[in-house]
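The values are calculated or read from the model by the stated rules, or taken from the named source; none is laboratory data. As the structure is a prediction and not an experimental result, all values here were calculated from the model. Here the Cβ is made from the backbone with ideal geometry for all residues, glycine too, and neighbour counts use every protein chain on show.
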Amino acid sequence: MRILIKGGRVIDPARGIDRQGDILVDGDRIGEGGGADRIIEAGGLWVVPGLIDLHVHLREPGFEYKEDLASGTRAAARGGFTTVAAMANTSPVTDSRAAVEWMVRAAAERGVVNVLPVGAVSKGQKGEELAELGDMAEGGAVAFSDDGHPVANGELMRCALQYAAMWGRPVISHCEEPKLAGEGVMNLGYWSTVLGLRGMPAAAEAAMVARDIMLAELTGGHLHLAHLSTAASVALVRDAKARGLGVTAEVTPHHLVLTDEAVNEYRYDTDTKVNPPLRTAGDIEALVGALADGVIDAIATDHAPHHRDDKDVEYNYAAFGISGLETALGLVLTRLVKTGRLDVMGAIRALTAGPAGVLGLDRGTLAVGSPADVTVIDPERKWTVDPGTFASKGKNTPFKGWELQGRAVLTVVAGRIVHEELA
């Protein structure tokens, strides 16, 4: 099928393009020329490469009561994401070639967007024995991570970076020094003291960031730092990049728009409980600045859907995480672009070409011949976050009731429309 998306504002950061124009979807590739089976008038809309989220938890297999491949990929499509990288903390853990290949097949059968498996660094994510990274790479793993669990064993992390480099894959680090973080449930600081909750110091993240950067320098491997949350971490990444090390980084929307004061403001709402925890206004300023100048490569949701039974408990016992796929774009456009803290090109780059570069994908662009993954955005569309309408099974969001501006109204994956909300 040929679909002509006509007269939109075409924004393609990978090629430095921001202009009015047409995009032709010709089968599963971006084409050129005239003639189409369907014409979509895109005046007033933005036409961008399909958004890429390099950090999601789809929960299947093992935790389908929280999310599954069908519901998670529908949520991705509604959020404008055409490609998502699925973390390995499933049950069983994605720590073998068989598990990776199962994910590839199951996602092709039941998913509506591209799902890229991330294999575990260690067997069972226990941090004791290196998983078979080469086998998983050959089976389709695009990266390796024990996300949800820091790799506390420095020698294991060194080996992971060294071996992953042989297959050109990044190791995604959940940066947390476990003894420092302890049993903390929010940021250690003023608000943890006032609220009487155990805190995680910013140093718990920065210490592990520093260690892993040193190991990346030692091995020459590609280290990707997940969900950065502190100014100290930003400074370390800035220095690593200035020295030409193979280090990339991501930040989540919630760490860009909420501080630890939200735990008080929302009256211990467990939907504010995330790991790493929400930090301070100073940390947010550092993160936004690093995103704007390219020190942070990508915005990633860390989509972590939970059943209400995991959240409707005391704060200390609630699960960490936010269901983020369906709110990410609106938060970025409303709280960062509309306020002038991030320009349009920078925002779209962090959601497309940036994550594509981290994973070495042939996506994140609208160049002729590239995969026909396209997102059309209405930057003026106003909407209210209502978790009851989420496609995701996870309704856990602190943004319920927020008024946002900017929404994906068309999502095309491999030339097929998987979400449409055109006026």
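Residue-wise test of (1) aromatic (Phe, Trp, Tyr); (2) on the phi < 0 side of the Ramachandran plot; (3) not in a loop (DSSP other than H, G, I, E, B).
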{"residue": "ARG238", "(1), (2), (3)": "no, yes, yes"}
{"residue": "LEU245", "(1), (2), (3)": "no, yes, no"}
{"residue": "HIS255", "(1), (2), (3)": "no, yes, yes"}
{"residue": "TYR268", "(1), (2), (3)": "yes, no, no"}
{"residue": "ASP310", "(1), (2), (3)": "no, yes, yes"}
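The residues listed here are ASP212, ASP260; of these, the one that is in contact with a Ser or Thr (Cβ under 6 Å, 6 or more places away or on another chain) and among the acidic types (Asp, Glu) is ASP212.
Flag not set for MET103, criterion: over 30 Å from ILE377 (Cα atoms) and part of a helix (DSSP H, G or I).
Here the range 133-158 is the region considered, the condition is being surrounded by fewer than 18 Cβ atoms within 10 Å (Cβ to Cβ) and not small (Gly, Ala, Ser), and the residue that is nearest to ALA107 (Cα to Cα) is GLU138. For the range 66-77, the count of residues that are in contact with a Lys or Arg (Cβ under 6 Å, 6 or more places away or on another chain), under 21 Å from PHE144 (Cβ atoms) and among the hydrophobic types (A, V, I, L, M, F, W, C) is at least one.
SER91 meets all of the listed conditions (1) at pLDDT 95 or above; (2) on the phi > 0 side of the Ramachandran plot but one, namely (2). Scan the range 54-73 and give yes if some residue there is more than 30 Å from VAL344 (Cα to Cα), touching a strand residue (DSSP E or B) at 6+ places or on another chain (Cβ under 8 Å) and either without any contact (Cβ under 8 Å) to a residue 24 or more places away in the chain or not in a loop (DSSP other than H, G, I, E, B) (or both), otherwise no. Yes, the range 54-73 contains a residue that is more than 30 Å from VAL344 (Cα to Cα), touching a strand residue (DSSP E or B) at 6+ places or on another chain (Cβ under 8 Å) and either without any contact (Cβ under 8 Å) to a residue 24 or more places away in the chain or not in a loop (DSSP other than H, G, I, E, B) (or both). Within the range 159-185, the residues that satisfy the criterion of being crowded, with 21+ Cβ neighbours inside 10 Å and either in contact with a Phe, Trp or Tyr (Cβ under 8 Å, 6 or more places away or on another chain) or without any contact (Cβ under 8 Å) to a residue 12 or more places away in the chain (or both) are ALA160, ALA164, ARG169, PRO170, VAL171, ILE172, VAL185. Scanning the range 377-405 for residues that are within 30 Å of GLU32 (Cα to Cα) and either surrounded by fewer than 23 Cβ atoms within 10 Å (Cβ to Cβ) or more than 19 Å from the chain's Cα centre (by Cα) (or both) turns up ASP378, PRO379, GLU380, ARG381. Exactly one residue among GLY33, GLY8 is modelled with pLDDT under 95, within 19 Å of GLY415 (Cα to Cα) and not β-branched (Val, Ile, Thr), and that residue is GLY33.
Surrounded by fewer than 24 Cβ atoms within 10 Å (Cβ to Cβ), farther than 24 Å from GLU261 by Cβ, touching a residue at least 24 places away in the same chain (Cβ under 8 Å) and basic (Lys, Arg): is that true of ARG198 in this structure? Considered against the rule, which asks whether it is surrounded by fewer than 24 Cβ atoms within 10 Å (Cβ to Cβ), farther than 24 Å from GLU261 by Cβ, touching a residue at least 24 places away in the same chain (Cβ under 8 Å) and basic (Lys, Arg), ARG198 comes out as no. Scanning the range 312-359 for residues that are part of a loop (DSSP other than H, G, I, E, B) and in contact with a Pro (Cβ under 8 Å, 6 or more places away or on another chain), we see that the one that is nearest to ALA143 (Cα to Cα) is THR352. Restricting attention to the range 259-284 and to residues that are out of contact with any helix residue (DSSP H, G or I) (no Cβ under 7 Å at 6 or more places or on another chain) and of a type outside the set (S, T, N, Q), the residue that is surrounded by the most Cβ atoms within 10 Å (Cβ to Cβ) turns out to be PRO277.
Based on this model, can you work out whether ALA203 counts as among the hydrophobic types (A, V, I, L, M, F, W, C), within 22 Å of ALA262 (Cα to Cα) and assigned to a helix (DSSP H, G or I)? Yes, satisfied. Can you tell me how many residues in the range 406-419 are crowded, with 17+ Cβ neighbours inside 10 Å and of a type in the set (Lys, Arg)? The number of residues fulfilling the criteria is 1.
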